[in-house]
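The values are calculated or read from the model by the stated rules, or taken from the named source; none is laboratory data. None of these values were measured; they are calculated from a predicted model. When we count neighbours, we look across all protein chains shown, and the Cβ atoms used for this are built from the backbone with ideal geometry, even at glycine.
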Amino acid sequence: MDLTPKRASESATEMVQVVLPNDANPLGYILGGTVMHLIDIAGAIACHRHTRTLLVTAAVDDLQFLHSIKVGDLIILKSRVTCVFTTSLEVQVDVFSEETLTGRRKLTSTAFLTFVAIDRDGSKVRVPPLLVETEDERRICAQAQERREMRLKRKAQTTDA
Ligand SMILES: CC(C)(COP(=O)(O)OP(=O)(O)OC[C@H]1O[C@@H](n2cnc3c(N)ncnc32)[C@H](O)[C@@H]1OP(=O)(O)O)[C@@H](O)C(=O)NCCC(=O)NCCS
């Protein structure tokens, strides 16, 4: 297992695809479920690039759809590891729409996902540390730690119920 620390920029990922009629509801806008699927994929790719392990999605924080994305527009997903814990890591996925004819871009969602690294037997494995070098990266990781605490509290409430 290679636990060499890595920078977030080494695993940052951008996915772009055109919204086709098959992805859309009868109003001609991309389905929320399709966006969620793409968010999961974009988040997983950045985490795979960071960990080079198998992964499972442990949590997806609450998700807002700020603007609709119509058929013919591009959907762009940018994912970036924000903080690494022991066997888990958080990734941020920002979703944008882009009009093909004008290039106008809008942020449509921001999602935070947690993935857990596992081996082929399903046992959890350590993930390589994240190199946090700038003030901005330190702030982002500190915020991720606060979100993680809230998430684990919510999980405990769910499992207690
Ligand atoms: C996610 C999963 C591996 C956690 O297993 P677990 O035995 O409860 O794990 P633990 O309590 O030992 O936690 C392992 C790590 O995951 C983190 N974690 C577990 N559940 C979490 C949650 N809901 N949110 C955020 N982090 C979580 C823990 O904080 C811990 O992190 P750390 O090692 O970095 O400190 C397990 O619940 C699972 O396999 N869930 C199903 C996953 C799945 O099917 N996803 C969809 C398809 S990929």
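It is to be established whether one or more residues within region 134-144 are exposed (fewer than 11 other Cβ atoms within 10 Å of the Cβ) and not in a loop (DSSP other than H, G, I, E, B). Checked against the condition, which is being exposed (fewer than 11 other Cβ atoms within 10 Å of the Cβ) and not in a loop (DSSP other than H, G, I, E, B), region 134-144 yields at least one hit. Scanning region 145-161 for residues that are touching a residue at least 60 places away in the same chain (Cβ under 8 Å) and either under 18 Å from the mean Cα position of the chain (by Cα) or exposed (fewer than 11 other Cβ atoms within 10 Å of the Cβ) (or both) yields Gln145, Arg147, Arg148, Arg151.
Inspection of region 73-81 finds a residue satisfying the criterion of being closer than 30 Å to Thr158 by Cα, within 16 Å of the ligand (Cβ to nearest atom), in contact (Cβ under 8 Å) with a residue 60 or more places away in the chain and among the hydrophobic types (A, V, I, L, M, F, W, C).
Contact map, region 114-133: first residue farther than 22 Å from Lys155 by Cα, second residue assigned to a loop (DSSP other than H, G, I, E, B) and near the ligand (Cβ under 10 Å from one of its atoms), Cβ cut-off under 6 Å, separation 6 or more or different chains; pairs are Asp119/Val125. Summed over region 47-72, the residues that are away from the ligand (no atom under 11 Å from the Cβ), of a type outside the set (A, V, I, L, M) and part of a loop (DSSP other than H, G, I, E, B) give a count of 8. Restricting Asp160, Asp94 to residues that are modelled with pLDDT of 95 or more and more than 9 Å from the ligand (Cβ to nearest atom) narrows the list to Asp94. So in region 104-127, with the set limited to residues that are touching a helix residue (DSSP H, G or I) at 6+ places or on another chain (Cβ under 9 Å) and away from the ligand (no atom under 12 Å from the Cβ), which one is farthest from Val84 (Cα to Cα)? For region 104-127, the residue satisfying everything is Thr108.
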